[in-house]
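I have placed the structure first, in the form of structure tokens, so that the comments after it can refer back to it.
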Amino acid sequence: MLRYTSQHTNIKLRDVAAAVVVGAAGPPPPQPISAALRRARARFRARRRTAERKE
């Protein structure tokens, strides 16, 4: 999810990871990163549901 977020926001992976770590203990990550993380989480959940249905 971090890689997806980095690629879709054009922000370095290390900066996305740092924002997530800081957000865990304090204020949430900046809006572009938060929005991209939400999209990534939804994408991976949908992918997981699809895989579970195939089994």
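The values are calculated or read from the model by the stated rules, or taken from the named source; none is laboratory data. All of these numbers come straight from a predicted model, not from anything done at the bench. With ideal geometry, Cβ positions are generated from the backbone for all residues, glycine too; neighbour counts draw on all protein chains shown.
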request  = For region 12-28, indicate whether the set of residues that are outside any helix (DSSP H, G or I) and either surrounded by 16 or more Cβ atoms within 10 Å (Cβ to Cβ) or in contact (Cβ under 8 Å) with a residue 60 or more places away in the chain (or both) is non-empty.
outcome  = no
Over region 1-11, the set of residues in a helix (DSSP H, G or I), at pLDDT 90 or above and not hydroxyl-bearing (S, T, Y) is L2, R3, Q7
